[in-house]
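Taking it in order: structure first as C-alpha cells, then the write-up.
The values are calculated or read from the model by the stated rules, or taken from the named source; none is laboratory data. In this text, all values refer to a predicted model and were calculated from it rather than measured experimentally. All Cβ positions, even for glycine, are placed from backbone atoms using ideal geometry, and neighbour counts span all protein chains on display.
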Amino acid sequence: MFKYFLSLIMTTGLLQDLSAQEDKFQWLEEVEGQRALDFVNQQNKLSAEKLMKLPSYQPVYEKSLEILNSTDKIAYPSILGKHVYNFWKDKDHVRGIWRRCLLSDYVAGKPSWETLIDIDQLSQQDNEKWVFKQANGLHPTYDRFLVHLSKGGGDAIVVKEFDVTKKQFVDNGYFVPEAKGGADFLDMNTVVVSSDFGAGTMTSSGYPRQTRIWKRGTALKDAQLIYEIASTDIGAWGGTMQDGDKRYTYINQWLTTFSSNKVFWIDGKITVLDIPQDTDFRGILSKQAIVQLRSDWTVDGKKYVTGSLLSLDFPALLKGQKKVSVILVPDASSSISDVSITKNFLLVNTLTNVTGQLHAYSFNNGTWQSKKVPVPELGTVSVDAVDEASDQYFFTFANFITPPTLYAANSATASIQKVKSLPAYFDASKYEVKQYKAKSKDGTMVPYFVVASKQVKTDGSNPTLIYAYGGFEISQTPSYISVYGTGWLDKGGIYVLANIRGGGEFGPQWHQQGLLEKRQNVFDDFYAVAEDLIAKKLTSPKHLGIYGGSNGGLLVGVAFTQRPDLYNAVVCAVPLLDMYRYNKLLAGASWMGEYGNPDKPEDWAFIQKYSPYQNVKPGVKYPEVFFYTSTKDDRVHPGHARKMAAKMIDMGYPVLYYENTEGGHAGSSTNEQRAKLNGMMFSYLLEKLK
C-alpha cells in the first residue's frame, strides 16, 4: 500500500483523493431495481451452484438444520405478570410461534405452552413474509400487547394490537403503519409512539423525529406531539420505565452514535436530565437513576472515572440536583457488560479478562451493598429475563464447548436452580480452550481465545478461522459454538475469537481506542492475532480464514485489502464496504460517531486510508472472497456487498456472492435459510483452507 501511494506522489506530486474515483457500480444501490436484481440473481445462481456441489455442503446443511430445529433447545423466557413468554421456531414452525405458559410451570420444568400467534399462519393469511420482532405488554395485566412485525426481517416494523385472552388482533385497535419506530402502552387507552407521521417527521438516518401520545379512538396523525428532534439527530424513541409501583414515560433522543438526551414526560411536562450525553442510562431502582459513564465526570469537585456505574437520586435529578452514589468502578482488566433490574435488586454482569461474573446490588440506607452470585466460572453469564414485580430472574451460563444452561434465581432468597441445559451437539472432550495475547503494532496486548483439538499439531497446517467484530463497544465473549463444533471443529478446524479494540471487553476506553481516526488500531489488532497464530505454527496464511459481519464485515473487508498476504479465505457478511457513501445509505448516518463523516475532508482523510471499496485495486493477489447479504437488510445497505463484488469481478477477481431475498440484517428469516448459509460458508472454508 505504501509503495502504491508513493508512486502516486512521484507521478502527480500529491496524494490521490479516493473519493474522486468513478463509482460505475452505484446503480447497484437501487435495492429493488431490475438491473440490480438481475446481477443478484446471476451471482446467487453461480455461487449456490458452486458451493452446494461441494462434498461438505449437504452434511453441514443437514446437521445445522437439525441443530436449529431441535426441540431440545432452550425456550428462553420473558417474564410478564404470571406468565413466561417465548418465541419458538422448529421444522413445523418455520417462521415461528409466539407462545406463553405459567411462570410456575416453567420454573418447575413442566411448561404447558399456549400458542398466541402462529407467524406461519399469519404470513399465509396476509400473503406477507412476516418476521416477529417483539411484543410490548400492557402493565400490569398483560392482557393486551403491541406486536411488532417486520416484512421480510428488516428493521422497519408494523405495530398491531393483540388481545391474548381472545388470541386475536383487536378489531379497530391500535395500528401503526410500517416504519423504523415503535410503540408502548401507557395505559389501556393510551400509547406512546415514535414513528413516521408524514413528510418531515423522519431523520436523515431514517428514524423517527417525533414522539407522540396517542389516545384510543383518535387518528394516529392527530396524536399529541410531546417531543420533536432535529432532522440531523439520529432518532427519538418513546417507551416506559418501571420503578416499583411507579411507571415513567421515557424518551431517548439519540444525537449521535454515542450521545443522547435522556428525556422524561411527567405530568404533561418534559424534563431533560442534566447528565452527560454520552452516559448510558440503565434504569431506575429504589428512586435511584442508574447510569454508566463513557467519559470522566466531575460533580461538586469530585471526579468519577470512565466506566463507573453510578446512581443518582432520581427525584432530585428531575429538579436538576445531583446526589451521586458509587455502585462499581471496574479495574483495568474488567468491564460492565450488562445491567438488569428486578423489583429490589440491581443485577450487574461483569467481565474480567473476558470471562463473566454476576453480582446482585441493593440500595439500603443510602448505600449500595453487593453479593456475588455463585455462577459457574470461565464462561459467559447472561441475564435473560427479570421480573419487575418480584426478584425472580433467569440467567444462562455457557462457554465455547459447554452447552448453555438456564438457571432460575431469586435475589431476595439467594436461591438458584437449574431449569434446562442444551444437549451437547459435539463431543467437547476432544477439544480445549486457551487464551493468548498478541502484541499489536502500538504495543497493546490483545487477548484472543483458541478452540482446538487437544492433539492439535503445531506444523502450520491447521485450517483456522478467526472471528472478530471490533466496534460499537460490543464485547465478544465465549458462547457455545454448536454449529461450528459440528461444521468446523469436527472437520479438523481451529476456531479463534479475537477481542480486538473497538469492542467493550475492557470498558469504554477499549472501544474509544478504535474510534474515528484511531480505527487503524482495530485492524492492526486483528493482524497481530493472525500473525501470532502463524508464529505459534497453529496455522499459516494458506490455511487461515477470517469471518465478520456488519461492522465485522468492514473489518474483514479492510483486512483482505490491506493484508491479503495473511489469509486464504474471507467470509464478508452484511458488510459496510463503501465508506465514502455509507452515511448516505439507509441507517449509515447514525454511525458517524463511530467512523466519522466522509463529507468532511478532515474525516475522509483517515477514512479513505482503509475504506475497502476505494482501496481494492487490480493486480493484487487477493483471496477469493465470499460475500453474503440480504435484499431486506434495511440497516446496512446491500449495495455495499453488491458493489464490492461487482468491482472485483470487473477487475477479473473470482468472488462468491450470495444475497438472501429476505432476512434483514440477520441475513436470514428462517432456520432453513440460516442452515443453507451455514452449509455454503463452511463448505467454502473447508475447501479453501484444507
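Residues of the range 474-519 that are surrounded by 21 or more Cβ atoms within 10 Å (Cβ to Cβ) and acidic (Asp, Glu): Glu505 alone. Just one of the numbered conditions (1) assigned by TED's automatic domain parsing to the domain that holds Glu594; (2) part of a strand (DSSP E or B) is not true of Phe397: (1). Of all residues in the range 520-527, one or more are surrounded by fewer than 17 Cβ atoms within 10 Å (Cβ to Cβ) and assigned to a helix (DSSP H, G or I).
Checking each residue in the range 82-113 for being touching a residue at least 12 places away in the same chain (Cβ under 8 Å), among the aliphatic types (A, V, I, L, M) and not in a strand (DSSP E or B) picks out Leu103, Val107. Return the residues of the range 530-577 that are among the charged types (D, E, K, R), closer than 19 Å to Asn615 by Cα and outside any loop (DSSP other than H, G, I, E, B); say none if nothing qualifies. Within the range 530-577, just Asp565 meets the criteria. The lone criterion from (1) of a type outside the set (Val, Ile, Thr); (2) in contact with a Leu (Cβ under 6 Å, 6 or more places away or on another chain); (3) touching a residue at least 40 places away in the same chain (Cβ under 8 Å) left unmet by Pro541 is number (3).
Determine, yes or no, whether Ala528 is over 30 Å from Leu406 (Cα atoms) and either free of Cβ contacts under 8 Å to residues at least 40 places away in the same chain or among the acidic types (Asp, Glu) (or both). Judged against the criteria, Ala528 is not a match.
The residue that is surrounded by the most Cβ atoms within 10 Å (Cβ to Cβ), counting only those in the range 228-254 that are in a strand (DSSP E or B) and acidic (Asp, Glu), is Asp243. There is no residue in the range 453-463 that is of a type in the set (A, V, I, L, M, F, W, C) and either in contact with a Phe, Trp or Tyr (Cβ under 8 Å, 6 or more places away or on another chain) or not assigned by TED's automatic domain parsing to the domain that holds Ala498 (or both).
Flag set for Pro618, criterion: under 20 Å from Leu566 (Cα atoms), touching a residue at least 12 places away in the same chain (Cβ under 8 Å) and of a type outside the set (Val, Ile, Thr).
Quick grid of which residues meet (1) closer than 23 Å to Val193 by Cα; (2) in contact with a Pro (Cβ under 8 Å, 6 or more places away or on another chain):
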position: Tyr250; (1), (2): yes, no
position: Leu255; (1), (2): yes, no
position: Gly268; (1), (2): yes, no
position: Val272; (1), (2): yes, no
position: Arg294; (1), (2): no, yes
position: Val299; (1), (2): no, no
position: Lys303; (1), (2): no, no
position: Leu312; (1), (2): no, no
position: Val324; (1), (2): no, no
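Has the range 286-302 got at least one residue that is within 13 Å of Ile341 (Cβ to Cβ), assigned to a loop (DSSP other than H, G, I, E, B), of a type in the set (Ser, Thr, Tyr) and out of contact with any Leu (no Cβ under 7 Å at 6 or more places or on another chain)? Yes, the range 286-302 contains at least one residue that is within 13 Å of Ile341 (Cβ to Cβ), assigned to a loop (DSSP other than H, G, I, E, B), of a type in the set (Ser, Thr, Tyr) and out of contact with any Leu (no Cβ under 7 Å at 6 or more places or on another chain).
Kindly establish whether Lys73 is in a loop (DSSP other than H, G, I, E, B), among the charged types (D, E, K, R) and either on the phi > 0 side of the Ramachandran plot or not assigned by TED's automatic domain parsing to the domain that holds Asn671 (or both). Judged against the criteria, Lys73 is a match. Out of Leu14, Leu54, I need the residue that is over 23 Å from Trp130 (Cβ atoms), modelled with pLDDT under 95 and either not assigned by TED's automatic domain parsing to the domain that holds Ser382 or not in a helix (DSSP H, G or I) (or both). Which one? On inspection, the qualifying residue turns out to be Leu14.
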